[in-house]
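The block underneath contains the structure these notes are about, expressed in structure tokens.
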Amino acid sequence: MKFSTFNEATDAVMQMIRGGEGDFNQLALALFSLQKENVPAYRDLCQTHSVTAIHWRDIPTVPTTAFRDLEITSLSPEARTTAFHSSGTTGATYSRHWHNASSLAVYETSLRTGIEKNLQPNHCKILALTPPPNEAPHSSLSHMAATAHPSVVFGGCITDTGWSIDHDIIHRTCSKAIQTQTPLLIMGPAFSFVHWLDQLDAPIALPTSSRVMETGGYKGRSRELSKTKLHELISNNLGVARNNIVCEYGMCELSSQAYDRIAGQQTTATFTFPAWARSRVISSETGSEVNDGDTGLLQVFDLANVRSVLAIQTGDLAVRRGEGFELVGRATQSDPRGCSLALAEN
């Protein structure tokens, strides 16, 4: 399989997302070949390191730090209609992931499919603890919430110190949901839930089947809680069943997301990506995949990253759980030997 154009690649990836058509390995190798010829920074490094790949696991990953330091894109400056930025600490240099209308459509199709499968929001009102996209145009999370449903309520806002929440909007939305017994799907980062629940006057009981999508990430914006303690805080104060609290794993450098459960299912929480993405947990010393149950650095191979690079070396530590993973935290060293292109050093 070979792609002559990005339009061909986009069509093939969309067919896999929408209908499960295509072989992941063949699509990944064809997309890699196209990207290494058309993403200048990636092309230069692949040529320098004489990279070849005969399987998707051979495709060299790019560290997320490269999206901060270099333009990891096949799009010309005038074609970059949307830019998602990483949500680092205030003043930090952020990563950038550019899209045009076509690649943004792939991203939106990917995220809608994931939300529909894992959160089943059809009969829910959606409340996002984020600012709306017009206030946070570079936030992939705000864009995700807006894409999830056309009538989403945004309970976040921008202040001089960064993201905050609007308690009045959140209170009115929750009160109306309780009054009408309409389930809520509440989406937001961990720190927004802490900001809200720390100031809640008294616990509330949201309608049965209400659910939460929690995206992690404190970045110094609130007190930090373990996942267990955070979910206990959410369940005790909102009346949301623990198996209806779903964790989402995503980042601005990716176009697909992993979820740790399907809402309502009594299963062990393990992050898995959809069929058009793969994860690997590898040793920082050897670059080899670790054994099941062992800890290493997380890599993601995402076909929906059509116009940048599909192979990403994250800065996250994870435990391998079969074809999925359990997230541990940030790694102090995220550029492993022999398995990623250290683009920022060249």
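The values are calculated or read from the model by the stated rules, or taken from the named source; none is laboratory data. Note that the structure is predicted; figures quoted are calculated from it, not measured. All Cβ positions, glycine included, derive from the backbone under ideal geometry; neighbour counts span all protein chains shown.
Report every pair of residues separated by at least 6 positions or lying on different chains whose Cβ atoms are under 7 Å apart, first residue within region 305-329 and at positive phi, second of a type outside the set (A, V, I, L, M).
G322/D292
Residue-by-condition table, conditions (1) out of contact with any Cys (no Cβ under 9 Å at 6 or more places or on another chain); (2) exposed (fewer than 14 other Cβ atoms within 10 Å of the Cβ); (3) without any contact (Cβ under 8 Å) to a residue 40 or more places away in the chain:
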| site | (1), (2), (3) |
| --- | --- |
| S4 | yes, yes, yes |
| L45 | yes, no, no |
| A53 | yes, no, yes |
| V106 | yes, no, no |
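Restricting the search to region 1-21, which residues are in a helix (DSSP H, G or I) and under 23 Å from the mean Cα position of the chain (by Cα)? Break it down into steps so the answer makes sense when it comes.
If we filter region 1-21 for residues that are in a helix (DSSP H, G or I), which is where we start, we get 6-19.
Within region 1-21, F6, A9, T10, D11, A12, V13, M14, Q15, M16, I17, R18, G19 qualify.
Please pick out the residue among S226, S209, S283 that is out of contact with any Cys (no Cβ under 8 Å at 6 or more places or on another chain), surrounded by fewer than 22 Cβ atoms within 10 Å (Cβ to Cβ), outside the structural domain of Q313 (by TED's automatic domain parsing) and not basic (K, R). Before the answer, list the steps.
Values: S209 fails: out of contact with any Cys (no Cβ under 8 Å at 6 or more places or on another chain); S283 fails: outside the structural domain of Q313 (by TED's automatic domain parsing).
Testing whether each residue is out of contact with any Cys (no Cβ under 8 Å at 6 or more places or on another chain), surrounded by fewer than 22 Cβ atoms within 10 Å (Cβ to Cβ), outside the structural domain of Q313 (by TED's automatic domain parsing) and not basic (K, R) leaves just S226.
Of the residues that sit in region 155-180 and are touching a Leu at 6+ places or on another chain (Cβ under 8 Å) and either of a type in the set (K, R) or closer than 29 Å to T109 by Cα (or both), which one is surrounded by the most Cβ atoms within 10 Å (Cβ to Cβ)?
Ranking the qualifying residues of region 155-180, first place goes to G156.
Here is a yes/no grid of residues against (1) modelled with pLDDT of 95 or more; (2) surrounded by fewer than 22 Cβ atoms within 10 Å (Cβ to Cβ):
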{"position": "A92", "(1), (2)": "no, yes"}
{"position": "H97", "(1), (2)": "yes, no"}
{"position": "T109", "(1), (2)": "yes, yes"}
{"position": "S151", "(1), (2)": "no, yes"}
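Just for region 135-149: of the residues that are among the aliphatic types (A, V, I, L, M) and either buried (at least 23 other Cβ atoms within 10 Å of the Cβ) or not assigned by TED's automatic domain parsing to the domain that holds C252 (or both), which one is farthest from R96 (Cα to Cα)?
Checking each candidate, the answer is A145.
Six or more apart or on different chains, Cβ atoms under 7 Å: show the pairs whose first residue is in region 167-193 and closer than 17 Å to H149 by Cα and whose second is buried (at least 16 other Cβ atoms within 10 Å of the Cβ) and basic (K, R).
A177/K125; T182/K125; L184/K125; L185/R211
Going by the conditions given, is N305 surrounded by 15 or more Cβ atoms within 10 Å (Cβ to Cβ), in the same structural domain as G22 (by TED's automatic domain parsing), in a loop (DSSP other than H, G, I, E, B) and among the polar types (S, T, N, Q)?
It is true that N305 is surrounded by 15 or more Cβ atoms within 10 Å (Cβ to Cβ), in the same structural domain as G22 (by TED's automatic domain parsing), in a loop (DSSP other than H, G, I, E, B) and among the polar types (S, T, N, Q).
Give the residues of region 231-280 that are surrounded by fewer than 21 Cβ atoms within 10 Å (Cβ to Cβ), among the hydrophobic types (A, V, I, L, M, F, W, C), more than 26 Å from L297 (Cβ to Cβ) and without any contact (Cβ under 8 Å) to a residue 60 or more places away in the chain, sorted by residue number.
Within region 231-280, L233, A241 meet the criteria.
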